[in-house]
Each structure stands twice: as C-alpha cells, then as structure tokens.
Amino acid sequence: MYKPLLTADDIYKKEFKTGLRGYVIEEVDGYLDQVIKDYEGFEREIERLKKELEAAKATARKPEERIVETEAPVSNPSNYDMLRRISNLEKAVFGRPHQENQ
C-alpha cells in the first residue's frame, strides 16, 4: 500500500523561508514536487482499489447467479428441497458441503 510522503498537517504547517525577493524558489519547487508525488501515488492507489473492487464484485455475483439459474422457485418447499438449497449454498460459499466433526 502506498505511504504518502506528506500528511495534511505537514502541508498545513509548512513554512517557506523568504529570500531577498520573497520565498526561496528551490524550496517551494522541492515541496511542490513532494505534493505532486503524493497525488500521483494516491491516483495509482485509487485506480488499483477500483479495479480490485470491480473484481470482487464480479466474483461475488457469480455464485449467486449460479444458484439462481439452477434453482427453480418453489411455492411450497419441502424439507428435502430446503436441505438441497442449503447444500448448494454451502458449496457456493465454502466449496464443499458442511461436514460435522466425528
């Protein structure tokens, strides 16, 4: 994960030394370079997180879609139908049916 060079407090408290005609240009330029690096890092991190979120959403939808497609709605489900649905949900979530400790 990207660790910024500056915090909001650092930026707020930054004081530039003044030269003969104002601030020392090299100091201001160096500081602005740090701010720019932070923003570039934040932009990269935001894009990475957006892609990660989209991938997670896509994989989260897949098991639900498979269950919905394979299961026909039942108006009055029996115990067998409910157990079958639970088994399918366990397979989708855990990858295998639930087994009790023996």
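Tabulated results
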{"read-out": "Net charge contributed by nearby residues that have their C-beta within less than 12 Å of Ile36 (K/R +1, D/E -1)", "value": "-4"}
{"read-out": "Accessible-area order (highest first, 1.4 angstrom probe) of the listed residues Ser78, Ser87", "value": "Ser78, Ser87"}
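The values are calculated or read from the model by the stated rules, or taken from the named source; none is laboratory data. Everything quoted here is computed from the prediction, not taken from an experiment. When we count neighbours, we look across all protein chains shown, and the Cβ atoms used for this are built from the backbone with ideal geometry, even at glycine. The area values use the complete protein model at the heavy-atom level, side chains included, leaving out ligands, DNA and RNA. Shrake-Rupley method; radii C 1.70, N 1.55, O 1.52, S 1.80 Å.
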